[in-house]
């Protein structure tokens, strides 16, 4: 997700007097300095003072919205961006940032609407198409997301993120050839993208190319060595490859990195069940239900243990 970290540098407003203008401009300039130093609380205070004197400055509303965005106050950010847009309806950055904030607030339809308006003012900006793709995907519209990512790629062929996200949707849709092409392209453009290596590993595992999958996931782990999910995913590959000891070792490590991550417990419990290590399997499955109450597979597997007298 791309965020516009820049801010407006000029106070654009008509003042009634020179002294009044200087005071508002001083607050605005102070806000900018605080913003650049990431002192967002102080920046908000300065912009608020500027707005009391000059409420028609869309630049000040936008800049204060940026501060709210970067402090996680997304509803307040939406309010400020909306004021900026009211004063300047074709303000692309404000439309874009309001879209980001609305998506953070799970208002995916609102985000799509804002990105659509931003595209209307800046149709050649690939980052807007890319972010509308994210919002469309979050809103359950995967085909629309693919169309957006495809347009972002057309506009900026070296932009790796749309390939990655489009590949993830193709993977979900089980369009394996298309997913592999996008994952390959992502890695060629951004070899430091650990999720791309992991995604290709999962696809190779699906295609029963286990050795290729293990090579890819090893690279993902090298790039991000303390991420529990990658060890869980490699454990799953080892399990499919009928290498349970290596699978359990990775699952153990995943759990050590994130003890509240229930999936490694589930897979480890299943491996132990198959190995007739019923007591250990029960412990894992009960942990799954503690972390994810009502988990269907854990519940049914515990029922099988009970039926076996375990």
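The values are calculated or read from the model by the stated rules, or taken from the named source; none is laboratory data. No experiment lies behind these values; they were computed from the predicted model shown. Please note: Cβ atoms are built from the backbone with ideal geometry, for glycine as well, and neighbour counts cover all protein chains shown.
Residues that are closer than 26 Å to residue 240 by Cβ and modelled with pLDDT of 95 or more: does the stretch 134-143 have at least one?
Scanning the stretch 134-143 turns up no residue that is closer than 26 Å to residue 240 by Cβ and modelled with pLDDT of 95 or more.
When 150, 121 are checked against the criterion of being under 23 Å from residue 96 (Cβ atoms), at pLDDT 95 or above and more than 20 Å from the chain's Cα centre (by Cα), a single residue qualifies: 121. Among the residues making up the stretch 112-141, those that are surrounded by fewer than 17 Cβ atoms within 10 Å (Cβ to Cβ) and either in a helix (DSSP H, G or I) or in contact with a strand residue (DSSP E or B) (Cβ under 6 Å, 6 or more places away or on another chain) (or both) are 116, 120, 121, 138. Residue selection: residue 203 fails the criterion of being over 26 Å from residue 255 (Cβ atoms) and at pLDDT 95 or above. For the criterion of being in contact (Cβ under 8 Å) with a residue 12 or more places away in the chain and crowded, with 21+ Cβ neighbours inside 10 Å, residue 278 fails. Residues in the stretch 62-73 that are free of Cβ contacts under 8 Å to residues at least 40 places away in the same chain and buried (at least 18 other Cβ atoms within 10 Å of the Cβ): 64, 65, 67, 68. Among helices (runs of 4 or more DSSP H) entirely within the stretch 172-237, having at least 1 residues that are in the same structural domain as residue 265 (by TED's automatic domain parsing) and surrounded by 18 or more Cβ atoms within 10 Å (Cβ to Cβ) singles out no element at all.
On the given criteria, is residue 58 within 26 Å of the chain's Cα centre (by Cα) and either buried (at least 16 other Cβ atoms within 10 Å of the Cβ) or within 21 Å of residue 106 (Cα to Cα) (or both)? Against the criterion (within 26 Å of the chain's Cα centre (by Cα) and either buried (at least 16 other Cβ atoms within 10 Å of the Cβ) or within 21 Å of residue 106 (Cα to Cα) (or both)), residue 58 does not qualify. Only residues that are in contact with a helix residue (DSSP H, G or I) (Cβ under 7 Å, 6 or more places away or on another chain), surrounded by fewer than 21 Cβ atoms within 10 Å (Cβ to Cβ) and in a helix (DSSP H, G or I) were counted across the stretch 249-262, and they come to 3. Within the stretch 50-59, is even one residue within 27 Å of residue 129 (Cα to Cα) and touching a residue at least 12 places away in the same chain (Cβ under 8 Å)? Yes, because at least one residue in the stretch 50-59 is within 27 Å of residue 129 (Cα to Cα) and touching a residue at least 12 places away in the same chain (Cβ under 8 Å).
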